[in-house]
Amino acid sequence: MATRHVHKVVMKDEDFDKALGQFRLQLNAVFMPFRMYGLDVYIPGAQEATLKLAMQLHHRLSGLDVPISIDADYGGPDD
């Protein structure tokens, strides 16, 4: 099994916020087809869940032993 090397990067708050904003904009594009089928009401919750899972994956790939789960309280946008 190959070993992956993880680099820990510290970002300024404004850079972190900018990256999250860019990610959210891309999520808007991903979820655009749902709008065509009248599913607008579900999009904000799905975007937040996707963002939370992405943060959990980042934490896991950075070496933190956190669960990757919608129900977990780790790595949400407010954490």
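Restricting region 1-24 to residues that are more than 23 Å from Ser69 (Cα to Cα) and of a type in the set (A, V, I, L, M) leaves a set whose member that is modelled with the highest pLDDT is Met11.
Residue-by-condition table, conditions (1) under 12 Å from the mean Cα position of the chain (by Cα); (2) touching a residue at least 12 places away in the same chain (Cβ under 8 Å):
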| residue | (1), (2) |
| --- | --- |
| Lys18 | no, no |
| Gln22 | yes, no |
| Leu27 | yes, yes |
| Met32 | no, no |
| Val41 | no, no |
| Gln47 | yes, yes |
| Thr50 | yes, yes |
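The values are calculated or read from the model by the stated rules, or taken from the named source; none is laboratory data. On a predicted model such as this, the values are computed, not experimentally measured, just so you know. So basically every Cβ, Gly included, is an ideal-geometry build from the backbone, and we count neighbours across all protein chains shown.
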